[in-house]
Amino acid sequence: MIDVAQALKLVLEHAAPLPAGSLPAIDALGLTLAADVVSDIDSPPHDKAMVDGYAVIAADLSGGTAELAVIEEVAAGSTPTLSVRPGQATRIMTGAPLPEGADCVVMVERTELSDASAEAETVRIDDDSIRPGANILRRAYCLSQGQRVLERGHVIRGIEVGLLAEVGCQRVSVTPRPRVAMLSTGDELVDADTKPAAGQIRNSNSPMLLALARSAGAIAVDLGIARDKQAELETKIAAGLEFDVLLLSGGVSAGKYDYTPQVLAKLGVEQVFHKVALKPGKPLWFGVLRREAHSTLVFGLPGNPVSSFVCFELFVRPAIHRLMGIAEETTGSQSARLAKPYSYRTQRPIYHPARCYPQEGALAVEILPWKGSADMLTVTQANCLALLPVGENQWEVGQAIEVLRF
Ligand code: AMP
Ligand code: MG
């Protein structure tokens, strides 16, 4: 049986970034750029005032209190018409273009307008420490026209949406969201809106995996439930193979009616691996349908909800990210210090529900009492999976262990 690292490597080898598409910037949130972005403007577009006040010549103020003639007013959005000469000032608002001749802006708080009834308005300024360039942002100080401001592969967050607007990029070339189909299998399943009859359980995996796929950035589509009948599985799985990723729940273990692997083989899906040395999640099946236009990655996830959850976090989320061109350093495990002693024994590495929290500048982790792969309730109280390596261990407080946050 292959281990988790080998399985992840195989999954990622089969997941290449999807072909680029173009989207309005706002809809590209969370996606990666498929091309560099170049600015069509200088920012700021002009030398601009950074405070409300008076545009003046610094040298006019060097001798102590100065009395300057106010020659015009420039609000943000308008442009100056007069040059400032020695002995003059222009009243200016934050963001407005600096008039020619002026070399700094004195903030309004350091000034006093003289008698407003006077014919020519004057302003008294007492700020002999001001230097040329004070309170001015020079044209193109932040970025210039023609500059490459974002590189291919960069992930778009809110701040990038703002920058894209500033540089005139309304549509962006991005690696699109993968389309993920979800199909649960099992004769025992009923929809969540139904009270289960004898022998039945609610289908919790479909909603959970749809939500997880969406949280990873995919567009997730529910294909419902397929019964454990070969013909029905075949029709529904065939529909799922039109997507970039097909998630199947159940039917990959050793039960008599676990038909999924053979149906997948019949439909031309190549098995890459079946079964991984981990707990929970051992029955995981992974394969690929290769086609010229586009391939489909197929994950046969174990039916037990926590098993499929763990397999999603370990393998499906990284695969979705790879399809989206998201670099892997954004995922991965962290080291944490055990907060309470813990003993266990296992022949397969366990990904155990746990809770981590900051403590004295480090990350502490507490392993939660857990009732196994059907116990979703405990996982709702967890925020990470603690990795318990193979063997028999009696861990003391402070033991360093790996955790995978979710
Ligand atoms: P299977 O992998 O099909 O053998 O199923 C293993 C266990 O998971 C069984 O107890 C199933 O009833 C349960 N199970 C299978 N599919 C689902 C599902 N979609 N939602 C919740 N539990 C499931
Ligand atoms: Mg089943």
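The values are calculated or read from the model by the stated rules, or taken from the named source; none is laboratory data. Computed from a predicted structure; not experimentally measured. Don't worry about glycine lacking a Cβ; one is built from the backbone with ideal geometry, like all the others, and counts go over all protein chains shown. Surface accessibility is based on the protein's heavy atoms, side chains included, excluding ligands, DNA and RNA. Shrake-Rupley method; radii C 1.70, N 1.55, O 1.52, S 1.80 Å.
Quick one: check the C-alpha center-to-center distance for segment 360-406 versus segment 64-132, whole angstrom.
A separation of 65 Å, based on Cα centres.
Suppose every Lys and Arg Cβ carries +1 and every Asp and Glu Cβ carries -1, with no other charges. What dipole size does segment 213-349 come out with about its Cα centre, to the nearest 20 debye? Don't skip to the answer; put the middle values down first.
Details: 17 positive and 12 negative charges, 141 e Å.
Dipole size: approximately 680 debye.
How many nm separate the modelled label positions at D40 and T81, each set 7 Å beyond the Cα in the direction of the Cβ?
With each label placed 7 Å out from Cα toward Cβ, I get 3.1 nm.
Which is farthest toward the positive dipole end of the chain among A140, G153, L212, measuring Cα position about the Cα centre, with Cβ charges +1 (Lys, Arg) and -1 (Asp, Glu)?
So the residue furthest toward the plus end is L212.
Kindly provide the helix-only [θ] at 222 nm of the chain, computed as the sum of -39,500 (n - 2.57) over DSSP H runs of four or more divided by all residues, to the nearest 500 deg cm²/dmol?
Roughly -4500 deg cm²/dmol at 222 nm, from the helical runs in the chain.
How much net charge surrounds R202 when only other residues with a Cβ under 13 Å from its Cβ are counted (Lys, Arg +1; Asp, Glu -1)? If you can, show how the numbers build up before the last one.
Working: positive: K195; negative: E188, D191, D193.
My count for the surroundings of R202 gives -2.
For the chain, with a Gaussian network of springs between Cα atoms less than 10 Å apart, report the residue from I125, I26, I156 with the top mean-square fluctuation.
Sorting by GNM fluctuation, first place goes to I125.
On a 29 Å Cα-Cα criterion, which of the cross-link pairs K256/K279; K229/K282; K195/K229; K9/K256; K229/K275; K229/K371 come out too long?
The answer is K9/K256; K229/K371.
Hey, got a sec? Which trypsin sites (Lys or Arg not before Pro) in segment 313-406 land in a DSSP loop and have at most 15 other Cβ atoms within 10 Å?
Of the trypsin sites (Lys or Arg not before Pro), the ones in loops of segment 313-406 whose Cβ has at most 15 other Cβ atoms within 10 Å are K371.
Have a look at D127, D228, D36 and tell me which one the Gaussian network model of the chain (Cα, springs below 10 Å) gives the largest fluctuation.
In the Gaussian network model the winner is D127.
Would you mind calculating the gained length between M376 and D193 on full extension (0.36 nm times residue separation, minus the Cα-Cα distance), in nm to one decimal?
The span from M376 to D193 would gain 64.0 nm if fully extended.
Which order do you get for E109, E270 if you rank them by accessible area with a 1.4 Å probe, largest at the top?
E109, E270
So how far, in whole Å, is the C-alpha centre of segment 166-235 from the one of segment 284-310?
12 Å
If you restrict to DSSP beta bridges whose two residues both lie in the chain, what percentage is antiparallel, to the nearest 5?
Percent antiparallel among DSSP bridges in the chain is about 70.
Would you please give the FRET efficiency between E72 and S114, computed as 1/(1 + (r/R0)^6) with r the Cβ-Cβ distance and R0 = 22 Å, to the nearest 0.05?
In this case the efficiency is close to 0.85.
Assuming 0.36 nm per residue, please report the length gained on full extension of the stretch A238 to K256 beyond their Cα-Cα distance.
Between A238 and K256, full extension yields 4.3 nm more.
What full-extension length gain, to one decimal in nm, is calculated for S62 and A362 as 0.36 nm per residue of separation minus the Cα-Cα distance?
Gain on extension, S62 to A362, equals 102.7 nm.
Determine the relative contact order of the chain: mean sequence separation of Cα pairs under 8 Å and six or more apart, normalised by residue count, in whole percent.
Once divided by the residue count of the chain, the mean separation gives 16 percent.
Rounding to the nearest 20 debye, state how big the charge dipole of the chain is about its Cα centre with +1 on each Lys and Arg Cβ and -1 on each Asp and Glu Cβ.
Result for the chain is approximately 2580 debye, rounded to the nearest 20.
If the label point is 7 Å along Cα→Cβ of Y344, which residues in segment 265-284 have backbone nitrogen under 13 Å from it?
Only 278-281 pass the distance filter.
Counting other C-beta atoms within 10 Å, and keeping those with at most 14, which DSSP coil trypsin sites (Lys or Arg not before Pro) do you find in segment 72-179? Numbers along the way, then the final one.
Values: sites: R91, R110, R124, R138, R139, R148, R152, R157, R171, R179; in loops: R138, R139, R152, R157.
Here the trypsin sites (Lys or Arg not before Pro) that fit, given the DSSP loop and packing criteria, are R138, R157.
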